[in-house]
Amino acid sequence: MTDINELVKLSYGLSVLYVEDDAKIREEMYEVLDGFFNVVILAENGEDALDRFEQYKKETRVYPDIIITDINMPKCNGINMSKKILEHNSEQLIVVLSACNESHYLLELINIGIAHYLVKPICAEHLLQTLHSAVKKINYTKMELQYIEKLEKLAYKDL
């Protein structure tokens with residue numbers, strides 16, 4: 001069982017871009033995500049998500065920490081959107097939530113580097129486990145970058 005308190009602690013200060021074409025599901029998921037993440041950005045399709053992804057980068061100088069997306073959406077599906085996002089940020093953490101469980105979708109997602117895939121309807125515990133795993137990875141990566149930066153400063157300080 002996922003430790004909710006640890007998830008809240010780890011996700012504090014992080015941002016998420018949630019992409020879902022169904023307005024009711026999008027609003028319900030917003031309520032869940034808003035309880036964990038400092039910033040929740042909503043998009044209704046892949047094209048809208050790409051615009052919001054770039055807009056967030058321009059405003060904050062960083063990309064959203066996590067992207068959670070559906071696959072089947074109008075204008076630009078989740079797979080094509082993910083490919084375009086990964087062109088901008090090859091390290092972007094993307095979680096796919098979809099009613100599609102066909103192997104060709106799964107293989108394509110694996111081939112582009114998507115590590116997290118949940119089948120709808122979403123089991124709350126599976127979602128929490130996935131979010132916990134994702135935010136732990138993000139926090140470890142941020143800590144590693146901070147340590148590297150400190151080491152580099154120390155190395156140059158002695159010169």
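The values are calculated or read from the model by the stated rules, or taken from the named source; none is laboratory data. None of the values given here were measured: they were computed from a predicted structure. Positions of Cβ are generated from backbone atoms using ideal geometry, with glycine treated the same way; all protein chains shown enter the neighbour counts.
Here's the yes/no breakdown for (1) at pLDDT 90 or above; (2) over 28 Å from Met1 (Cα atoms); (3) touching a strand residue (DSSP E or B) at 6+ places or on another chain (Cβ under 6 Å):
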site: Val32; (1), (2), (3): yes, no, no
site: Ile41; (1), (2), (3): yes, no, yes
site: Lys58; (1), (2), (3): yes, yes, no
site: Ile67; (1), (2), (3): yes, no, yes
site: Asn89; (1), (2), (3): yes, yes, no
site: Ile110; (1), (2), (3): no, no, no
site: Pro121; (1), (2), (3): no, no, no
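Here the condition is being without any contact (Cβ under 8 Å) to a residue 24 or more places away in the chain and either assigned to a helix (DSSP H, G or I) or touching a Ser or Thr at 6+ places or on another chain (Cβ under 7 Å) (or both); of Leu127, Leu118, it holds for Leu118 alone.
Selection within the range 42-77: residues that are among the aliphatic types (A, V, I, L, M) and not in a loop (DSSP other than H, G, I, E, B). The member of this set that is surrounded by the fewest Cβ atoms within 10 Å (Cβ to Cβ) is Leu42.
Are any of the residues in the range 76-90 in contact (Cβ under 8 Å) with a residue 40 or more places away in the chain and either of a type in the set (Lys, Arg) or under 20 Å from Tyr56 (Cα atoms) (or both)? Yes: the range 76-90 contains one or more residues that are in contact (Cβ under 8 Å) with a residue 40 or more places away in the chain and either of a type in the set (Lys, Arg) or under 20 Å from Tyr56 (Cα atoms) (or both). Restricting the range 59-77 to residues that are of a type in the set (Val, Ile, Thr) and out of contact with any Asp or Glu (no Cβ under 9 Å at 6 or more places or on another chain), the residue that is farthest from Ser98 (Cα to Cα) is Thr60. Tyr140 meets the conditions (1) loosely packed, with under 14 Cβ neighbours inside 10 Å; (2) part of a loop (DSSP other than H, G, I, E, B); (3) aromatic (Phe, Trp, Tyr) in every case but one. The failed one is (2).
Considering the range 24-52, the residues that are among the basic types (Lys, Arg) and touching a residue at least 12 places away in the same chain (Cβ under 8 Å) include one that is nearest to Pro64 (Cα to Cα), namely Arg52.
Residue pairs whose Cβ atoms lie under 7 Å apart, sitting 6 or more positions apart in sequence or on different chains, and linking a residue in the range 8-23 that is under 18 Å from Leu127 (Cβ atoms) and at pLDDT 90 or above to a partner that is hydroxyl-bearing (Ser, Thr, Tyr) and surrounded by 18 or more Cβ atoms within 10 Å (Cβ to Cβ), are Val19/Thr69. Take the conditions (1) out of contact with any Cys (no Cβ under 7 Å at 6 or more places or on another chain); (2) over 20 Å from Thr130 (Cβ atoms); Gly46 misses just one of them, which is (1). Test Asn5 against the criterion of being of a type in the set (S, T, N, Q), more than 23 Å from Glu91 (Cβ to Cβ), surrounded by 13 or more Cβ atoms within 10 Å (Cβ to Cβ) and without any contact (Cβ under 8 Å) to a residue 60 or more places away in the chain, and give yes or no. In short, no.
Listed conditions (1) in a strand (DSSP E or B); (2) surrounded by fewer than 20 Cβ atoms within 10 Å (Cβ to Cβ) are all met by Val16, apart from (2).
Restricting to the range 91-120, name every residue that is touching a Gly at 6+ places or on another chain (Cβ under 8 Å) and either farther than 25 Å from Glu28 by Cβ or surrounded by fewer than 23 Cβ atoms within 10 Å (Cβ to Cβ) (or both). Answer for the range 91-120, where residues must be touching a Gly at 6+ places or on another chain (Cβ under 8 Å) and either farther than 25 Å from Glu28 by Cβ or surrounded by fewer than 23 Cβ atoms within 10 Å (Cβ to Cβ) (or both): just Ser98.
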